[in-house]
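Chemist: One structure, pasted below without further comment.
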Amino acid sequence: MKKNHVIGIDLGGTKISGALADMEGKVISKHIMPTNASEGETKVLNRIFQVIEKVLADADKTAEDIKSIGIGSPGPLDAKKGIIISTPNLPFDNFQLVNPISQKFNIPTYLDNDANVAAIGEHIFGAGKGTENMVFVTVSTGVGGGAIINGKIYRGNTCNALEIGHTTLEKDGPRCNCGNYGCVEALASGTAIKNRGKEAVERGEKTSLRSYEKITSYEVFQEAKKGDKAASEIIDSCLNYLGICVANIIAAFDPEMVIIGGGVSNAGSIVFDKVKEVVKIRCFESMANSCSIVPAGLGNDSGVIGAVALAITESDN
């Protein structure tokens, strides 16, 4: 019997998203369940089982109909061995994730870094379709990336390539959650924007941000768009750092396209105009002119569709 369907799992710190799709990436069934990471590794693994069982049932399929399962997870991880080494928002510590899933359902199962998975999804089904060399950058709570080189995902020696959020932009910059100082993530992420907004209020600056009980990057963007000086300066500074990060990527990889996704990208033209402006200043003109900088095409589904894409591409190898 020819198997024409796959399952993708996007494993996150707050939710587990699953989708059953055909080999063209068309989603037939989808289910989301809270991760409840604080309950520990066994409970999270059982929840992944439940999501897989639910998308199978909703699509009126059985495990025998499924060619492969793809899983995207935060890292660091070992994709070859199917192990999540450790990650701040999940309870796994050198946890063998792939074997229990493949054994329970008797389906080949593949694991990869969530940013790599999103890059694969954008390359096959999203904004990067048709490119040979592209880099995907996600800018949200943190900053991550994935690269497609000569049509294939680039994983690096330990399967954790493109941890661009933890490259250094300011040697004496703010402390990052990774323990380093001046990382892209500490300077240009949604968390960095939020933190700087809160600091402006705490310093007593004259700003409309003071009217909010809770400040996130969304509020800082909103007040910047309305012309608030403090918010505008924060956004300009953080996006300048993001532009430097993208310029560095272009200098290193010379891609046809850089795709920016994640929550910060949802702010739209204010993000892309600034990034393009900085890239134009900091890159060789020929490289900058040959690289498109565009929003992600898969939006909030990039993780789970990317996991579907991982399942399709790995099962074809």
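The values are calculated or read from the model by the stated rules, or taken from the named source; none is laboratory data. On a predicted model such as this, the values are computed, not experimentally measured, just so you know. In this analysis, Cβ positions are derived from the backbone assuming ideal geometry, glycine residues included, and neighbour counts consider all displayed protein chains. For the accessible areas, the whole protein counts, side chains as well, though only heavy atoms, and no ligand, DNA or RNA atoms are used. Shrake-Rupley method; radii C 1.70, N 1.55, O 1.52, S 1.80 Å.
Chemist: Being modelled with pLDDT of 95 or more and either among the β-branched types (Val, Ile, Thr) or on the phi > 0 side of the Ramachandran plot (or both) is the filter here, so list the residues in the range 73-119 that pass it.
Modeler: Answer for the range 73-119, where residues must be modelled with pLDDT of 95 or more and either among the β-branched types (Val, Ile, Thr) or on the phi > 0 side of the Ramachandran plot (or both): Val98, Ile101, Asn106, Ile107, Thr109.
Chemist: Can you report the number of residues in the range 23-38 which are in a strand (DSSP E or B), open to solvent by 30 Å² or more (accessible area, probe 1.4 Å) and under 16 Å from Ala59 (Cα atoms)?
Modeler: 5
Chemist: List every residue pair whose Cβ atoms sit under 6 Å apart, with the two residues 6 or more apart in sequence or on different chains, where the first one lies in the range 47-63 and is over 10 Å from Ile9 (Cβ atoms) and the second, anywhere, is in a helix (DSSP H, G or I) and not charged (D, E, K, R).
Modeler: Ala63/Phe105
Chemist: Within the range 168-177, restricting attention to residues that are touching a helix residue (DSSP H, G or I) at 6+ places or on another chain (Cβ under 7 Å) and either under 19 Å from Val278 (Cα atoms) or aromatic (Phe, Trp, Tyr) (or both), which residue is least open to solvent (accessible area, probe 1.4 Å)?
Modeler: Leu169
Condition check ((1) free of Cβ contacts under 8 Å to residues at least 40 places away in the same chain; (2) open to solvent by less than 40 Å² (accessible area, probe 1.4 Å); (3) assigned to a loop (DSSP other than H, G, I, E, B); (4) among the polar types (S, T, N, Q)) across all residues:
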site	(1), (2), (3), (4)
Gly179	yes, yes, yes, no
Ala186	yes, yes, no, no
Asn195	yes, no, no, yes
Leu242	no, yes, no, no
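Chemist: Pick from Leu90, Leu45, Leu20: which is in a loop (DSSP other than H, G, I, E, B) and open to solvent by less than 30 Å² (accessible area, probe 1.4 Å)? Steps first, answer last, please.
Modeler: Details: Leu45 fails: in a loop (DSSP other than H, G, I, E, B); Leu20 fails: in a loop (DSSP other than H, G, I, E, B).
Leu90 is the lone residue from the list that is in a loop (DSSP other than H, G, I, E, B) and open to solvent by less than 30 Å² (accessible area, probe 1.4 Å).
Chemist: Give the range 65-87 a look and list any residue that's assigned to a strand (DSSP E or B), more than 22 Å from Leu162 (Cβ to Cβ) and not basic (Lys, Arg), or say none.
Modeler: Residues of the range 65-87 that are assigned to a strand (DSSP E or B), as a first pass: 66-73, 77-78, 83-86.
Now restrict to residues that are more than 22 Å from Leu162 (Cβ to Cβ): 66-69.
The answer is Ile66, Ser68, Ile69.
Chemist: Is one or more of the residues making up the range 6-16 open to solvent by less than 40 Å² (accessible area, probe 1.4 Å) and farther than 20 Å from Ala118 by Cβ?
Modeler: no
Chemist: Going through the range 131-150 one residue at a time, which ones are open to solvent by 30 Å² or more (accessible area, probe 1.4 Å), at pLDDT below 95 and either in a loop (DSSP other than H, G, I, E, B) or of a type outside the set (Ser, Thr, Tyr) (or both)?
Modeler: Let us first name the residues in the range 131-150 that are open to solvent by 30 Å² or more (accessible area, probe 1.4 Å), namely 132-133, 138, 140-141, 149-150.
Within this subset, residues satisfying the condition of being at pLDDT below 95 are 138, 140-141.
The answer is Ser140, Thr141.
Chemist: Does Ile52 count as in a strand (DSSP E or B) and at pLDDT 90 or above? Outline the logic, then answer.
Modeler: Working: in a strand (DSSP E or B): no; at pLDDT 90 or above: yes.
Here the answer is no, as Ile52 does not meet what is asked.
Chemist: Within the range 207-231, can you find the residues that are surrounded by fewer than 18 Cβ atoms within 10 Å (Cβ to Cβ) and of a type in the set (S, T, N, Q)?
Modeler: Ser208, Ser211, Thr216, Gln222
Chemist: Of the residues in the range 152-167, how many are open to solvent by 30 Å² or more (accessible area, probe 1.4 Å) and either assigned to a helix (DSSP H, G or I) or among the small types (Gly, Ala, Ser) (or both)?
Modeler: Adding up the residues that qualify gives 1.
Every residue, every condition in (1) out of contact with any His (no Cβ under 9 Å at 6 or more places or on another chain); (2) within 25 Å of Asp114 (Cβ to Cβ); (3) open to solvent by 20 Å² or more (accessible area, probe 1.4 Å); (4) modelled with pLDDT of 95 or more, yes or no:
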| site | (1), (2), (3), (4) |
| --- | --- |
| Leu239 | yes, yes, no, yes |
| Cys245 | yes, yes, no, yes |
| Gly261 | yes, yes, no, no |
| Gly268 | yes, yes, yes, no |
| Ser292 | yes, yes, yes, yes |
| Asn300 | yes, yes, yes, no |
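Chemist: Here's another thing I want to ask about it. Name, by its number, the condition in (1) open to solvent by 10 Å² or more (accessible area, probe 1.4 Å); (2) in a loop (DSSP other than H, G, I, E, B); (3) of a type outside the set (Gly, Ala, Ser) that does not hold for Lys104.
Modeler: For Lys104, the failing item is (2).
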